[in-house]
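Q: Submitted below is the structure of interest, expressed as C-alpha cells.
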Amino acid sequence: MRLPEQDETRNMIETSRSQQASLNWKSLLGYAIAAACLLWVFHDIDFRELSDSLKTINWWYVMAAVLFDTLSYVCQGIRWSLLLRPVGRVSSLRATEAIYAGLFVNEILPMRLGEVLRIYLVSQWALVRFAAVIPSILVERFVDAIWLALAFGVTVLFVPLPKYLVDAEWILASIALAAAVLFIYLVVARRGEKTGGPEGKPAGKRVFGRISDLLSHMAGGIRDIGQSRYLYSSFFISLFFLVGQILSFWLVMPAFGLNLSFWHGAAIFLIVHVGTVIPSAPSNLGTYQFFTVVGLTLFGVDKTLATGFSVVVFVILTAPLWAIGFFVFGRLGLSLKDIRTKIAALGDRQGE
C-alpha cells in the first residue's frame, strides 16, 4: 500500500522534471531563434568593409555612451528604491546592486532568471516575503510601457516610419492604456476580504485558492504603491531612465561614423527594445543584432555598416554590464552555483 507521503514526493519529482523539460525547450527555442537571426545578419555582407569600419571608432563618444548607460541603471535603482517604500526601505545603492546582479545573470543564463535574482536579493535585504517585492516589478513594467508608448508617439512626429511600425505603436499605446485603467482600478478598489486557508480543501480548490490569494496579494501590493506619495517621483525618474538608454544607444552611432539624428537613434532603439521581447539566447544575442540591422536599413544604411554597428553597440553596451555585474557578484559574495540553488529552492517553496 502506497503512503500519502510517497504520492506527494512522486508528484513533486514529476513536477520538477516537467518544469525542467519546459525550461530546456524554451532555452532551445531561444537559441534557435538567435542562430537564425545571426545567420540573416551576417549573410551576404562584405567582411573586409566590415573590418575597416571597426577601425575608425571614436572612443570619446563611446565613453559618453557608457556613462549614460550606467546612469540610466542608477536611475532605475533610485526608482525601484522608491517603489519599494510601501514594503520596506532598501537604499538606492542596494537596489542598483540588485539590478546589476540581475542583469549580469540575464547576460549569461537564459530565461531572464536575473529578474528572479534581483527580487530575491531585495526580499532578503528588506526582510520581506519574495511575493511582496513582485508588485514593484509589475509597476515598473507598467510605467515603462507608458513611457515607451509616449516615446514612440513623439518619435513618429520627427521620423517617418513604415505603417506597420506605426500600427505597432498604436498597439503598444492601447496596451499601456489598458494597463493604466487596470492600475487605477487596483488603486481605488477596496481590499477584498481574506479567504480561509487551503487546509482541509480538495486539491483542486487548494490550487485555485493559492492562485486567488497570490493575485489578491499582488493587487494589494500594487494598491499600496499606487497610494504611495513616492509613485509620482518614480514615474518621472523613469523618463530619465529611458532617455539615458536612448542616449547611450544613439551616441554609439557618431562613434561608429553613422550620421543619423537623435530621433533616428530613438526610433531604432525602440524597434530593438520592443523586438527583443521575443525569446532568445542570453544577452538577447541574435535578436538584438537582427532588429538593429532592420532598424538601420529602414533609414538607408548599408547592411554591412548596419551589421558592424549592431556588433559594436552590442559589445559597448554589454561589456559594462558584465564588468559591473561581476564586481557586484564579488561584493555580495554570490556565485552562479549559489544562484541556481537558491532559485531552485525558491521554486520548490512556491510550489508547496
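Q: Just need a number here: residues in the range 316-336 that are of a type in the set (Ser, Thr, Tyr) and surrounded by 17 or more Cβ atoms within 10 Å (Cβ to Cβ).
A: Initial filter on the range 316-336 (of a type in the set (Ser, Thr, Tyr)): 318, 335.
Adding the requirement that they be surrounded by 17 or more Cβ atoms within 10 Å (Cβ to Cβ) leaves 318.
Total satisfying the criteria: 1.
Q: Hey, another quick one. What are the pairs with Cβ atoms under 7 angstrom where one residue, in the range 33-53, is within 17 Å of Tyr288 (Cβ to Cβ) and the other, located anywhere, is among the hydroxyl-bearing types (Ser, Thr, Tyr) and not in a helix (DSSP H, G or I)? Sequence gap at least six, or different chains.
A: Matching pairs, first to second residue: Ile33/Ser280; Ala34/Ser280.
Q: Same structure, new question: Right, Glu193: modelled with pLDDT under 75, of a type in the set (D, E, K, R) and not in a helix (DSSP H, G or I) or not? Give the derivation first.
A: Values: modelled with pLDDT under 75: yes; of a type in the set (D, E, K, R): yes; not in a helix (DSSP H, G or I): yes.
Yes, satisfied.
Q: Further question on the same structure: Which number in (1) more than 20 Å from Trp322 (Cβ to Cβ); (2) over 20 Å from the mean Cα position of the chain (by Cα) marks the one condition that Ile268 misses?
A: Ile268 satisfies every listed condition except (2).
Q: Please enumerate the residues belonging to the range 257-287 that are under 21 Å from Thr304 (Cα atoms), surrounded by fewer than 17 Cβ atoms within 10 Å (Cβ to Cβ) and in contact (Cβ under 8 Å) with a residue 40 or more places away in the chain.
A: Matches in the range 257-287: Gly257, Ser261.
Q: Could you tell me how many of the residues in the range 50-80 are surrounded by 14 or more Cβ atoms within 10 Å (Cβ to Cβ) and over 26 Å from Ala98 (Cα atoms)? Spell out how you get there, then give the answer.
A: If we filter the range 50-80 for residues that are surrounded by 14 or more Cβ atoms within 10 Å (Cβ to Cβ), which is where we start, we get 50, 53, 57-58, 61-62, 64-80.
Now narrow it down to the ones that are over 26 Å from Ala98 (Cα atoms): 50, 53, 57-58, 61.
Going through the range 50-80 one residue at a time, the tally reaches 5.
Q: Also, quick follow-up: Of the numbered conditions (1) β-branched (Val, Ile, Thr); (2) at pLDDT 85 or above; (3) part of a helix (DSSP H, G or I), Ile184 satisfies every one except a single condition; which is it?
A: It is condition (2) that Ile184 fails.
Q: Quick one: how many residues across the range 103-129 are of a type in the set (A, V, I, L, M), touching a residue at least 60 places away in the same chain (Cβ under 8 Å) and farther than 17 Å from Thr341 by Cβ? Show your work before the answer.
A: Restricting attention to the range 103-129, the residues satisfying the condition of being of a type in the set (A, V, I, L, M) are 103, 105, 108-109, 111, 113, 116-117, 119, 121-122, 126-128.
Okay, now just the ones that are also touching a residue at least 60 places away in the same chain (Cβ under 8 Å), so 103, 105, 108-109, 111, 113, 116-117, 121.
Subset that is farther than 17 Å from Thr341 by Cβ: 103.
Total meeting the criteria: 1.
The values are calculated or read from the model by the stated rules, or taken from the named source; none is laboratory data. What you are looking at is a predicted structure, and each value in this text was computed from that prediction instead of being measured. Every residue, glycine among them, receives a Cβ derived from its backbone with ideal geometry; neighbour counts consider all protein chains shown.
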